[in-house]
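The values are calculated or read from the model by the stated rules, or taken from the named source; none is laboratory data. None of the values given here were measured: they were computed from a predicted structure. All Cβ positions, even for glycine, are placed from backbone atoms using ideal geometry, and neighbour counts span all protein chains on display. Side chains are part of the model used for accessible areas, which takes the heavy atoms of the whole protein and leaves out ligands, DNA and RNA. Shrake-Rupley method; radii C 1.70, N 1.55, O 1.52, S 1.80 Å.
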Amino acid sequence: MDCNDTVTAEVCREDDIGDGELCEVMVAGYPVLLVRDKMEFSALGSRCPHYGAPLSKGVLRGHRLRCPWHGSCFNIKTGDIEEYPSLDCLPCFKVTVEDGKVFVTAKKKDLESSLRVKDMSKRCLLNRNTMLLLGGGVAALTCAETLRQEGFTGRIIMATKEKHAPYDKSKLSKEMNLKAEDIYLRKPEFLCAHGIELWTEKEAVSVDFQKQKVHFMYGSSQKYNQLLIATGGHSSFLKVPGADLQNVCHLQTPEDASKVLELASGKNLVIVGASFIGMETAAFLSDKAAAISVVEKQEFPFQKTLGPQVGGVVLKMLQSKGVKFYMKKELHELKGKDGKVAEAILASGEKLPADVVVVGIGVTPNSAFLKGTTIAKDNSGAILVDLRMQTNIPNVFAAGDVVSFPVALLNGDHSSIHHQQVAEAHGSIAAFNMLKKQKELHTVPFFWTTMLGRSIHYAGCGKGYTDTVLKGSLEEQKFLIFYLKDGLVTAAASLNCDPVVSLIAEVLYLGEKISKEEAEAYDINNICL
């Protein structure tokens, strides 16, 4: 069969699938997702293009189908992406019903891929408008792709200080043995084919907003018609004696991850900070390093984000693998030998052998190059934007980890949220507004952390939560935790309860309220809410 050949297959009887049901069927030996909504059938790719999750296990609300693992959301009528982190859409197939039988018609090449790249406009040299995107992460990438998808034919430049095409930064601490090319989100050839210029090792050092010009290191400059600042953040630096010793590492790039893996194998590793980076690094290296010690000011890992209950579970998981925790402790000094770190000394006087130190104590926005300008920033240096990703400077937008934005679940209060999915949503919304297509941010933050083969999923924004409701068992590592503020659920986290968090994300997205009483009555074995 030629890859362009079309096949038609009977997949089921009309009465086999009820309204609102998801069912995986086979067409020419390939799995296809069949969906019935309001008595109409849709057929789509059966796997999420992000990490391959089975969408038959997902959550359907109206026309929106949400992935059970990482919250990507698709329109069941078009297959188009509606919520990130997936960059790609789903293929859609023709469905017909005859004499109570359901048939799916599809091209073989579409069945094989289970993903679809959304159509993009081609670059037109007659269009002299330039969109300059500072940064090479997911915010800049989704902005560039959305600009093309929405018909922009002018020049798009992505300028990044990194030497790589955009890659999946979330994997740096989860799978430290991967090369940069293994985690590219888009290959350079893809960007080139769609007229997106990628300038690597090109760091912005200043911006002249009046002249609409960005100056780069080593003297070059570039004018723009619209500017996106998506420069991300960097790992905050230690402020203790010895912080500048060799083998004190920050996980910023694939090269950093490879270096830590090499240095820590068979050696003594000290991790400063029980953050997501710190805990994922500890988990990945738990069977590779000779010894791992974690130093953290709080009582539990993830305490500010996920709270002591989830933090306690993670603590026990890693302790069972030999990781030692020094909680409610502070690092006082790093001592070295021959210029390399050799020992970590705590404020309590305890001394920990340290051949390598990994620092994970927070993120600082990469906004120093804007010093002296009139762009509005908060006390941390995060750029202030509105729901259209617009800064206080005309024609200047910002997105991703470098911004503070109004969060609906915090009643519109500004906050910085460092999640891949949020950064992608920012980039897309910025693109619409750079094109004067008025569109406001409407998304529910969704993230996950993976350790020792288990994933904790989180949706919402629990900042400032005052109460929690626990369902399931922390000891059995199957649980759902609701985070509440003013008697209403603002976030949820789970382990081994898919797709419940995706369901809660969709409920919150639709603006529905979940009361404490509803949370307490919820059955984690039932995906209805």
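To put it simply, the accessible area of the chain at a 1.4 Å probe is 47 percent carbon and sulfur.
Taking the stretch 120-173, how much of its Cα-Cα pair set, in percent, is spaced more than 17 angstrom apart?
On the way: 588 of 1431 pairs.
Beyond 17 Å sits 41 percent of the P(r) for the stretch 120-173.
Which whole-number percent is the relative contact order of the chain (Cα, under 8 Å, 6+ apart)?
Numbers: 1262 pairs, mean separation 62.6, N = 529.
Once normalised by length, the contact order is 12 percent.
Shown here: percent of Cα pairs over 43 Å apart, derived from the displayed model; of the candidates (i) 20; (ii) 27; (iii) 16, it corresponds to (i).
Divided by 2.2 N^0.38 Å, where N counts the residues, the Cα radius of gyration of the stretch 383-422 comes to 1.09. Based on Cα contacts under 8 Å between residues 6+ apart, the stretch 437-493 shows a relative contact order of 28 percent.
Counting Lys and Arg as +1 and Asp and Glu as -1 over every other residue whose Cβ lies under 15 Å from the Cβ of Tyr224, the net charge comes to +4.
Straight-line cross-link partners of Lys437 among the lysines, defined as a Cα under 20 Å from its Cα and at least 8 positions apart when in the same chain: Lys118, Lys122.
Under 16 Å from a label point 7 Å along Cα→Cβ of Lys101: give me every residue in the stretch 1-44 with its amide N that close. Residues 7-16, 26-28 qualify, since their backbone N sits under 16 Å from the label point.
Which of the trypsin sites (Lys or Arg not before Pro) across the stretch 139-213 are loop residues per DSSP, with 15 or fewer other Cβ within 10 Å? Listed in order of number, the matching sites are Lys163, Lys179, Lys211. Between the stretch 32-65 and the stretch 124-166, the alpha-carbon centres lie 31 Å apart.
Loop sites here are chymotrypsin sites (Phe, Trp or Tyr not before Pro) outside DSSP states H, G, I, E and B with no more than 14 other Cβ atoms within 10 Å. The longest part of the chain free of them is 238-529. Calculated mean residue ellipticity at 222 nm for the chain: -5000 deg cm²/dmol, from DSSP H runs with n ≥ 4 weighted as -39500 (n - 2.57), summed, divided by the residue count and rounded to 500. When only Cα pairs below 8 angstrom with a gap of at least 6 residues are kept, the stretch 418-529 shows a relative contact order of 21 percent. At a probe radius of 1.4 angstrom, the accessible area of the chain per residue rounds to 43 square angstrom.
Averaging Cα coordinates gives a centre for the stretch 311-330 and one for the stretch 371-432; these two points are 34 Å apart. Loop-located GluC sites (Glu not before Pro) across the stretch 1-82 with a Cβ neighbour count of 14 or fewer within 10 Å are Glu21, with loop assigned by DSSP.
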